1. Run down ARG202, ARG216, ARG237, ARG182 and say which single residue is open to solvent by 20 Å² or more (accessible area, probe 1.4 Å), within 19 Å of the chain's Cα centre (by Cα), over 18 Å from VAL149 (Cβ atoms) and at pLDDT 95 or above.
2. Do any helices (runs of 4 or more DSSP H) entirely within region 1-112 hold 3 or more residues that are open to solvent by 20 Å² or more (accessible area, probe 1.4 Å), and if so, which?
3. Looking at (1) touching a strand residue (DSSP E or B) at 6+ places or on another chain (Cβ under 9 Å); (2) in contact (Cβ under 8 Å) with a residue 24 or more places away in the chain, find the lone condition where MET213 falls short.
4. Of the residues in region 344-368, how many are open to solvent by 90 Å² or more (accessible area, probe 1.4 Å) and at pLDDT below 95?
5. Can you pull out every residue in region 119-130 that is surrounded by fewer than 17 Cβ atoms within 10 Å (Cβ to Cβ) and either of a type in the set (Ser, Thr, Tyr) or closer than 13 Å to LEU174 by Cβ (or both)?
6. State which residue pairs qualify: first residue farther than 13 Å from GLY222 by Cβ and inside region 9-26, second residue of a type in the set (A, V, I, L, M, F, W, C) and open to solvent by 20 Å² or more (accessible area, probe 1.4 Å) in any location, beta carbons under 6 Å apart, and separation of 6 or more residues or different chains.
7. Somewhere in region 185-195, is a residue assigned to a helix (DSSP H, G or I), modelled with pLDDT of 95 or more and either under 17 Å from PHE261 (Cβ atoms) or in contact with a helix residue (DSSP H, G or I) (Cβ under 6 Å, 6 or more places away or on another chain) (or both)?
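The values are calculated or read from the model by the stated rules, or taken from the named source; none is laboratory data. These figures come from a predicted structure and were not determined experimentally. When we count neighbours, we look across all protein chains shown, and the Cβ atoms used for this are built from the backbone with ideal geometry, even at glycine. Accessible surface areas use protein heavy atoms only, side chains included; no ligands, DNA or RNA. Shrake-Rupley method; radii C 1.70, N 1.55, O 1.52, S 1.80 Å.
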Amino acid sequence: MTTTTGNIAAVPVLSRRSLNRALLERQLLLRRADMAAEDAIEHLIALQAQEPFDPYSALWSRLKGFRAEELAGLLLDRRAVRANAMMRTTIHLLTARDWLALRPVLQVVQERGFTTGSPFGRQLKGLDIDEVVAAGRELLDEKPRTNSVIGKLLKERWPDRDATSLGYAVRYLLPLVQIPPRGIWGKGGLPVLATAETWLGRSVGTNTSPDAMILRYLAAYGPASVMDIQAWCWLTRLGPILERLRPQLRTFRDENGKELFDVPDGPLPDPETPAPPRFLPTYDNIVLSHKDRSRIIGDPSRWMVDGGQFDPIFLRGSVLVDGFVHSGWRVERDGDRATLVVMPARPYARGEREAVAEEATRLLEFLAPEATRVVEFREP
């Protein structure tokens, strides 16, 4: 950390490596935390969960002695939920109390995502969408249903409209959760949707202020810029809100001069703190929750491929080496054999490959305890 002077009053400047170690500390990735899964989920605010079992490996990499049964129990006991649409309009796993409180804050994100960010809103142009959503709620008040079934039933009322789009209007705009067995370790099942009232016996809150959510984001992902926060949640025009919160916050600048906000007690470890290898699931929030992702992916140019797009390694799980994304990984099944494939994007430094192999072996024991297990390094 250095300090700037001049026209700007003395403001600490945080290097990329300082921001990396701060992020790892707050994400429970510098050392595994002795913390209950429910507390960890709330600390992290939410776990990305398009892939039903990804939250399990996300927690395994962060918590001491984590067992899959702990998270499965939270879902079965309705203390945690797979929220159908949250940050970035995607499926996230949250505690039930967090979902009830945060879903109204992000309602505007779902509305914008449906109207302008998907083809479904365009397919239903000219239709009274409030009427469609009300009809969908009536169907879900009767019992939980899949999105496909909802769409087909709504099409009976609006036969000249696309059933898929009708179903997605309800899926985007109504606060819904996907109920078990979806997301239960070792089980399968279609994504069956339920309302808060049907599944939890409670309604979502009514407070749409993002203030508390922003402070929690900074505690778990900061220090961060206004654009970083917006990239995480897809709310817009947060600048005035950060100005209102400024008296409660401390500020820094990154090496490019961008102003960063932080909670007063957010940890800032020594940038040379050792960071062990960590395996993260597909789309882990640590990789997606900043506009400037260099604090976790390093130099962005090394990840660019033809056309200026990010390398498809980001469509796989990520392996952190010395705190930064270094490799991709996946598990391949062949009968009773499970192979964890590590795909390095660049060479390992001395000792790194061995440390990654050891962590991969432990992860595979968690993911496939019944299988013959093999760790393999392979070109991506």
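1. Numbers: ARG202 fails: within 19 Å of the chain's Cα centre (by Cα); ARG237 fails: within 19 Å of the chain's Cα centre (by Cα); ARG182 fails: over 18 Å from VAL149 (Cβ atoms).
Being open to solvent by 20 Å² or more (accessible area, probe 1.4 Å), within 19 Å of the chain's Cα centre (by Cα), over 18 Å from VAL149 (Cβ atoms) and at pLDDT 95 or above holds for just one of ARG202, ARG216, ARG237, ARG182, which is ARG216.
2. Output list reads 16-26, 37-44, 68-76.
3. Here MET213 clears every test but (1).
4. Selection size over region 344-368: 2.
5. At the first step, the residues of region 119-130 found to be surrounded by fewer than 17 Cβ atoms within 10 Å (Cβ to Cβ) are 119, 122-123, 125-128, 130.
Once the filter is applied, which keeps residues that are surrounded by fewer than 17 Cβ atoms within 10 Å (Cβ to Cβ) and either of a type in the set (Ser, Thr, Tyr) or closer than 13 Å to LEU174 by Cβ (or both), region 119-130 yields only ASP130.
6. Filtered contacts from region 9-26: PRO12/MET1.
7. We begin by selecting, within region 185-195, every residue assigned to a helix (DSSP H, G or I); these are none.
No - not one qualifying residue is present in region 185-195.
A quick yes/no check of all residues on (1) among the small types (Gly, Ala, Ser); (2) open to solvent by 30 Å² or more (accessible area, probe 1.4 Å); (3) under 23 Å from HIS326 (Cα atoms); (4) assigned to a helix (DSSP H, G or I):
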{"position": "ASP228", "(1), (2), (3), (4)": "no, no, yes, yes"}
{"position": "TRP232", "(1), (2), (3), (4)": "no, no, yes, yes"}
{"position": "ARG244", "(1), (2), (3), (4)": "no, yes, no, yes"}
{"position": "GLY266", "(1), (2), (3), (4)": "yes, no, no, no"}
{"position": "GLU272", "(1), (2), (3), (4)": "no, yes, yes, no"}
{"position": "TYR283", "(1), (2), (3), (4)": "no, yes, yes, no"}
